[in-house]
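A.B. asks: After the structure tokens below, expect a handful of questions from me.
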Amino acid sequence: MATAPKEAENAIGLEEIHMERQEPPKGQKTFTVEEAVETIGFGKFHIALFLIMGSTGVAEAMEIMLIAVVSPLIRCEWQLQDWQVALVTTMVFFGYMVFSIVLGLLADRYGRWKILLLSFLWAAYFSLLTSFAPSYVWFVFLRAMVGGGVSGHAQGLIIKTEFLPTKYRGYMLPLSQVFWLAGSLLIIGLASVVNPTIGWRWLIRIASIPGILLILVFKFIPESARYNVSTGNVAAALATLRRIAKMNGAAMPEGVLREPAKERRGRFKDLMHPKYLRTTLQIWIIWLGIAFAYYGVILASAELLERDLVCGSVAPPVQDPGDDSEESRSPCHCHLFGSAAYQTMLISTVGEIALNPLNILGINFLGRRLSLCITMGCTALFFLLLNICTSSAGMTGFLFMLRALVSANFNTIYIYTAEVYPTTMRALGMGTSGSLCRVGAMVAPFISQVLMSASFIGALCLFSSVCVVCAISAFTLPIETKGRALQVCI
């Protein structure tokens, strides 16, 4: 077997190699990227891929969860009302929604690797700028820009999906949740130390460090071989597959890599193709509902801790009539998290991995659709259970289970969406789904931080109802992707 050219060893160079497509001699064996990935199997390359691309979840979690732990401080610093605090989170996800579609289109046209690198540079730059925000308006604008950059991190999941053999996807992709959990725990732990001492601006600067460090190791991950083949860049795809086989100590399939180039890539109307129309619409509903529930739980947790809304007690503490301070006259309450509040946030966040083993079993044995239906139904139930009058420990337990369930929902829908669409529209499918996901995330703050103050049971019933709708949509999805090879084209 001829060795790949020296420049093909570089991940960036792999994208630039093009080979004129010629018909293979009659009778010569050929193989596809899918067959090569299955033949090479799982090995050292995939472990490195899992660690590097999985770590994108650490950076993403820190940037997204940051708002939950700085909200009390910016509320006090700029004397914000409830709707203004909620608007910060909404604008972060607005930026995510807009850029998710744009970056998904660009990734299908120009490559997953380039867009992933661009998104990390973008997010790190604007995150650092946020720490110098002179006013509330600037803070909102800059965090929206951070949300736009973070939206491109989904390309890391797509790269992992396109390199993993079929039987490993249902196990390795859910394990990526460990990285999101690590990022969430890290930002809460840092906030408990940094916020009371040197302030939220330094917390933002420290939180941007993991994203900057990850940029330095991206060169070790190549562009997706499936993407290269879909653009006709067969030489780059072959060089990548040989490199993976060498790292894994495995043999390449016999014959010549042969897969026709797909000239039309990343077209929005392909999502509306009759073969995928129903699937696309139901996926969008599920993504929207899952994000609504997920960020609803996170923000409701912060609101419960900040205001002590246990047993539905929403009455604000009685102020001393003689207290004439600015804070007492302000329409905005100013109540910072204490050590007990941070501890409760840490415990409930650990819940995100509590059901991971059961989630993995469900995904691989029950299938993606039924597993998602069950976890969404349980999420609806636990939202209603939050209304039960209980102790702080009981409330922590309910929040723990809710975080576990909403995390399992995200695991499953990420896997399903990455598997159900073909290579020519996979990034766009993830991008548009991510945008609808952020619509749910944009609405969640106004339910968790505004409506919940007015009607606790009303907010919980709304969250529960949305989860029921998602459970029905998941059960009726027309395609099951369990054990199904990744499709190349429509």
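A.B. asks: Quick check on my link table: of Lys44/Lys482; Lys167/Lys275; Lys160/Lys275; Lys44/Lys167; Lys44/Lys160; Lys29/Lys167, which ones sit more than 20 Å apart, alpha carbon to alpha carbon?
C.D. replies: On the way: Lys44/Lys482 25 Å; Lys167/Lys275 25 Å; Lys160/Lys275 25 Å; Lys44/Lys167 17 Å; Lys44/Lys160 14 Å; Lys29/Lys167 25 Å.
Flagged as over cut-off: Lys44/Lys482; Lys167/Lys275; Lys160/Lys275; Lys29/Lys167.
A.B. asks: What's the local net charge at Val37, with K and R +1, D and E -1, over the other residues with C-beta under 10 Å away?
C.D. replies: With Lys, Arg at +1 and Asp, Glu at -1, the neighbours total -3.
A.B. asks: Please work out the average accessible area per residue across the stretch 48-183, using the 1.4 Å probe convention, and give it in Å².
C.D. replies: Numbers: 4060 Å² over 136 residues.
For the stretch 48-183, the solvent-accessible area averages 30 Å² per residue.
A.B. asks: Now, a different point. Enumerate the calculated ³J(HN,Hα) couplings along the stretch 385-401 in order (Karplus 6.51 cos²θ - 1.76 cosθ + 1.60, θ = phi - 60°), each rounded to whole Hz, writing x wherever the residue is Gly or Pro.
C.D. replies: 5, 4, 7, 5, 5, 8, 7, 4, 5, x, 4, 4, x, 5, 5, 4, 5
A.B. asks: Give me the number: length gained by fully extending Phe220 to Lys275, i.e. 0.36 nm times residue separation minus the C-alpha to C-alpha distance, one decimal in nm. Can you show the working numbers first?
C.D. replies: Working: separation 55, 0.36 × 55 = 19.80 nm, distance 3.68 nm.
Computed gain between Phe220 and Lys275 is 16.1 nm.
A.B. asks: Would you mind computing, in nm to one decimal, how far apart the modelled labels at Arg484 and Thr39 are, each placed 7 Å from Cα along Cα→Cβ?
C.D. replies: Going from the Arg484 label point to the Thr39 one covers 2.6 nm.
A.B. asks: What is the set of long-range amide H partners of Thr30 at a cut-off below 5 Å, with H atoms built 1.01 Å from backbone N?
C.D. replies: Placed amide hydrogens put Val256 under 5 Å from Thr30.
A.B. asks: Under a Cβ-Cβ cut-off of 15 Å, what is the net charge of the residues other than Val193 that fall near it, where Lys and Arg count +1 and Asp and Glu count -1?
C.D. replies: +2
A.B. asks: So, with a 1.4 angstrom probe, what is the percent of accessible area on the stretch 29-262 that is carbon and sulfur?
C.D. replies: Here it works out to 72 percent.
A.B. asks: Oh, and also: Can you list the HN-Hα couplings for the stretch 438-449, worked out from phi with the Karplus curve (6.51, -1.76, 1.60; θ = phi - 60°), rounded to whole Hz and with x for Gly and Pro?
C.D. replies: Coupling constants for the stretch 438-449: 6, 4, x, 5, 5, 7, 3, x, 6, 7, 6, 10 Hz.
The values are calculated or read from the model by the stated rules, or taken from the named source; none is laboratory data. As the structure is a prediction and not an experimental result, all values here were calculated from the model. Neighbour counts are summed over all protein chains in view; Cβ atoms, including those assigned to glycine, are modelled from backbone coordinates with ideal geometry. Please note that ligands, DNA and RNA were not included when accessible areas were found on the heavy atoms of the full protein model with its side chains. Shrake-Rupley method; radii C 1.70, N 1.55, O 1.52, S 1.80 Å.
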